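The values are calculated or read from the model by the stated rules, or taken from the named source; none is laboratory data. These figures come from a predicted structure and were not determined experimentally. As a convention, Cβ positions derive from the backbone with ideal geometry for all residues, glycine included, and neighbour counts pool all protein chains shown. To get the accessible areas, we keep the full protein, side chains included, count just its heavy atoms, and leave off ligands, DNA and RNA. Shrake-Rupley method; radii C 1.70, N 1.55, O 1.52, S 1.80 Å.
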Amino acid sequence: MAWRISGSYVASCSCNVICPCPVDGIPTGPDNECKGFIVFSVKDGNLDDTDVSGVNFALYNHFPSNLTSGNWKVGIVIDEGASDEQADALERIVKGEEGGPFGELSNFYGEYLGTERDSVTFSDGDKPSAAVGNTSEATFEPHEGPDGSPTTVKGAMFGFAPEYKVGRTSGKSDRFGLSYEPIYGESADFEFATDQAEDAPAGRI
């Protein structure tokens, strides 16, 4: 089965300054762990004949060490406005059941925390923001270079985009038993598809 999703995302986590997880570094959050959530706003996408365009979903994570050490905890929240068919398609994609880049990442999953339905919102702009029900919210503010342009990271092993803005987030998060105060943040446009796994090393999406 073939799938493709594209859109924009905003992420936050408990790591300090710049999260080292995308380059397989040891997390800099409390106890050298990383807790975070990322909201994907799918502008266009499908799994075979199921159209998932316009659906927002959140992926929650707990990384106990560097990413390739595995034993990740992950949970998914899909916007309550999505149909059951759309929710099922996105769950199968993110759990890695349909292959592609999430299939590669699923090799590192240790515990699946479940799939839930709730309001999942995303607002784009200079300071993108996202919220999941009344449990999680994050507003992203990018770091800036001397000329005022946003600071970016390019070519990260575990990047959700080839190049993404990095900065700080404000907000809160307490879901799936993963409670933390957002510190680090990132944002970019994304595009994932089934055949990406053939062209990229395991984990790079």
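Compute the helix-to-body angle for 84-94: its Cα long axis versus the longest principal axis of the chain, expressed 0 to 90° and rounded to tens. Here the helix axis deviates by roughly 60 degrees. Amide H contacts for residue 160 (H built 1.01 Å from N in the peptide plane; partners 5 or more residues away or on another chain; cut-off under 5 Å): none found. Accessible-area rank, largest first, for 192, 160: 160, 192, with all protein chains present and a 1.4 angstrom probe. Residue 43 sits with roughly 120 Å² accessible to a 1.4 Å probe, with DNA, RNA and ligands left out of the calculation. Using θ = phi - 60° in the Karplus curve 6.51 cos²θ - 1.76 cosθ + 1.60, the 3J(HN,Hα) couplings for the range 48-56 round to 6, 8, 8, 7, 10, 4, x, 9, 9 Hz; x is entered for Gly and Pro.
A cut-off of 5 Å between modelled amide H atoms, ignoring neighbours fewer than 5 places along the same chain, links residue 56 with 42, 79. Heavy-atom accessible area for residue 183, with the other protein chains in place and a 1.4 Å probe, reaches approximately 60 Å². Extents of the range 48-205, largest first, come to 45, 37, 33 Å (Cα atoms, principal axes, whole angstrom).
Thinking of the range 1-136 as a set of Cα atoms, what percent of all their pairs are more than 18 Å apart?
Numbers: 5095 of 9180 pairs.
For the range 1-136, the fraction of Cα-Cα distances above 18 Å is 56 percent.
For residue 127, the amide hydrogen comes within under 5 Å of no other amide hydrogen, counting only partners 5 or more places away or on other chains and with H modelled in the peptide plane.
Cβ under 12 Å from residue 21's Cβ, residue 21 left aside: what net charge do those residues give with Lys, Arg +1 and Asp, Glu -1? Summing Lys/Arg as +1 and Asp/Glu as -1 gives -2. Bin by bin, in steps of 5 Å, what percent of the Cα pairs in the range 58-131 do you find, going until the bin that has the longest distance? It works out to 3, 15, 22, 22, 18, 15, 6, 0, in whole percents. Counted over the range 19-62 with a bin width of 10 Å, the fraction of Cα pairs per bin, in whole percents, is 23, 35, 24, 17, 1.
Heavy-atom accessible surface of residue 24, to the nearest 10 Å², is about 40 Å², with a 1.4 Å probe and all protein chains retained. Couplings 3J(HN,Hα) of the range 166-182, computed from phi: 10, x, 10, 10, 10, x, 7, 7, 7, 8, 6, x, 9, 9, 7, 9, x Hz, in residue order, whole Hz [Karplus 6.51 cos²θ - 1.76 cosθ + 1.60, θ = phi - 60°; x for Gly and Pro].
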